[in-house]
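Trainee: Attaching a single structure in structure tokens format; questions to follow.
The values are calculated or read from the model by the stated rules, or taken from the named source; none is laboratory data. All figures in this text were calculated on a predicted structure; none of them were measured in a lab. FYI the Cβ positions are ideal-geometry reconstructions off the backbone, even for glycines, and counts take in every protein chain you see. Accessible surface areas use protein heavy atoms only, side chains included; no ligands, DNA or RNA. Shrake-Rupley method; radii C 1.70, N 1.55, O 1.52, S 1.80 Å.
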Amino acid sequence: NQETEEEKKKGIRKLWQSLRQSLRFIILWDENHFSRLWCVWEAAIYFKSKKDAMNHVLIAPTFLSVLNIVGCCAATSFVMLGDVLRVTGALNVMFEAYRSDPNRFECYTCAFLSGSYVCAVTLFSYFLSHFIESMQTMEGQLKDFTWHGAECFKEEDRPVLAEEVRDLWGSVNDFEQYLRQEFIRDCMGKLGGSTLPYATCLSICSPLWWCGVGRLAVAKDGANVCYVLLSYGLIYFVGCPLQIWNEKVTLEYLVPRLGTCLQRNRLAISLAVALPFTVQCIPILFFGMRIASYLCVNKIDPSFERPDTFTPFLSFT
């Protein structure tokens with residue numbers, strides 16, 4: 001109740017009881033979250049009053065939604081390109097032109113996909129580096145947190161919250177010490193574990209999954225079914241998560257060491273990071289897994305013919 005100060009004080013005094021009864025506490029985290037007094041107070045109250053609180057807390061970085069959209073759009077563009085080429089008949093024209101030298105066609109498509117992927121990964125790395133940099137500010141915010149220095153929309157709320165803090169911690173100073181020790185440890189553990197979850201990786205690459213399902217639906221025989229399952233399964237469940245995880249680890253290593261250089265040259269550094277990852281993804285993981293899948297199926301069934309192209313998303317298999 002916000003109508004009178006007295007009613008608001010009563011509500012604040014009861015708020016911790018509502019938090020304690022909550023089955024789950026979800027923090028929509030951004031780089032400024034722990035600079036706000038109310039946000040820190042609510043989270044700390046829940047952690048303090050709830051038994052096994054960390055088992056009921058989810059820290060959801062808002063920046064993950066941006067990464068998810070960028071990555072999913074990039075994957076969708078790859079899949080749609082192959083469908084457009086097939087529907088328009090342009091793909092059959094290309095196959096006919098390079099019928100005598102299919103390996104050259106594979107090289108051209110690999111080069112085209114690599115160029116497109118460089119652009120996509122540069123953008124992805126740009127956002128991911130910004131997110132990792134922002135995540136590292138959280139530790140500094142909590143270590144440097146002071147009750148009187150934290151942001152508070154209404155200053156008259158600060159002394160009311162301080163009364164609740166004294167009831168649970170004894171003093172504001174003890175509360176600040178709790179934030180700098182136990183609270184920061186728990187938050188960093190939760191946030192670090194969800195920086196780029198495996199589920200997010202699969203979500204980003206979901207268009208590739210549906211591409212494989214579509215190819216599986218038009219497979220002509222058992223050998224083609226095996227080839228589609230093996231090649232797209234390796235790409236989706238091994239190649240894509242491995243690629244994104246490697247990039248995450250690389251950026252987590254580089255971001256704190258580059259410091260202000262990253263802030264001045266974020267786009268250039270993102271491009272430099274994208275180049276080796278493009279080589280790893282397109283020629284090695286995508287084409288490599290498709291070729292390895294063909295060799296495996298062909299060894300089991302020698303009658304299995306080489307697909308029109310090893311380029312993912314272009315072939316019907």
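Trainee: Evaluate region 48-56: report whether one residue or more is part of a helix (DSSP H, G or I), of a type in the set (Lys, Arg) and in contact (Cβ under 8 Å) with a residue 60 or more places away in the chain.
Mentor: yes
Trainee: Let me ask something else. Within region 103-121, is even one residue over 23 Å from residue 201 (Cβ atoms) and at pLDDT below 85?
Mentor: Looking through region 103-121, none of the residues is over 23 Å from residue 201 (Cβ atoms) and at pLDDT below 85.
Trainee: Kindly indicate the residue of region 40-62 that is under 26 Å from residue 146 (Cβ atoms) and open to solvent by 30 Å² or more (accessible area, probe 1.4 Å) and also nearest to the chain's Cα centre (by Cα) among those meeting that condition.
Mentor: Top of the filtered list is 62.
Trainee: Now, a different point. Considering each of 266, 306 in turn, give the residue that is farther than 26 Å from residue 79 by Cβ, modelled with pLDDT under 90 and open to solvent by 20 Å² or more (accessible area, probe 1.4 Å).
Mentor: Testing whether each residue is farther than 26 Å from residue 79 by Cβ, modelled with pLDDT under 90 and open to solvent by 20 Å² or more (accessible area, probe 1.4 Å) leaves just 266.
Trainee: If you don't mind, there's one more thing I want to ask. Taking the conditions exactly as written (buried (at least 18 other Cβ atoms within 10 Å of the Cβ), in contact with a helix residue (DSSP H, G or I) (Cβ under 9 Å, 6 or more places away or on another chain) and either in a helix (DSSP H, G or I) or of a type in the set (Phe, Trp, Tyr) (or both)), does residue 116 satisfy them or not?
Mentor: no
Trainee: State yes or no: is residue 301 in contact (Cβ under 8 Å) with a residue 24 or more places away in the chain, closer than 25 Å to residue 99 by Cβ and surrounded by fewer than 16 Cβ atoms within 10 Å (Cβ to Cβ)?
Mentor: Criteria met by residue 301.
Trainee: How about region 250-308: which helices (runs of 4 or more DSSP H) wholly inside it have at least 2 residues that are within 30 Å of residue 104 (Cβ to Cβ) and of a type in the set (Lys, Arg)?
Mentor: Hits in region 250-308: 288-300.
Trainee: Right, here's the next one. Working only within region 120-167, note down all residues that are open to solvent by 30 Å² or more (accessible area, probe 1.4 Å), in contact (Cβ under 8 Å) with a residue 60 or more places away in the chain and more than 21 Å from residue 183 (Cβ to Cβ).
Mentor: 123, 126, 127, 130, 133, 153, 156
Trainee: Identify the single condition in (1) closer than 30 Å to residue 307 by Cβ; (2) open to solvent by 60 Å² or more (accessible area, probe 1.4 Å); (3) in a helix (DSSP H, G or I); (4) not charged (D, E, K, R) that residue 74 does not satisfy, given that it satisfies every other one.
Mentor: Here residue 74 clears every test but (2).
Trainee: Let me ask something additional. Can you run down the residue pairs with Cβ atoms below 7 Å, 6 or more apart or on separate chains, where the first is in region 72-88 and more than 20 Å from residue 278 (Cβ to Cβ) and the partner is in a helix (DSSP H, G or I) and open to solvent by less than 30 Å² (accessible area, probe 1.4 Å)?
Mentor: Going by the 7 Å Cβ cut-off, the qualifying pairs are 85/91.
Trainee: Filter region 1-38 down to residues that are open to solvent by 70 Å² or more (accessible area, probe 1.4 Å) and among the aliphatic types (A, V, I, L, M) and give me whichever is farthest from residue 162 (Cα to Cα).
Mentor: Out of the qualifying residues, it is 23.
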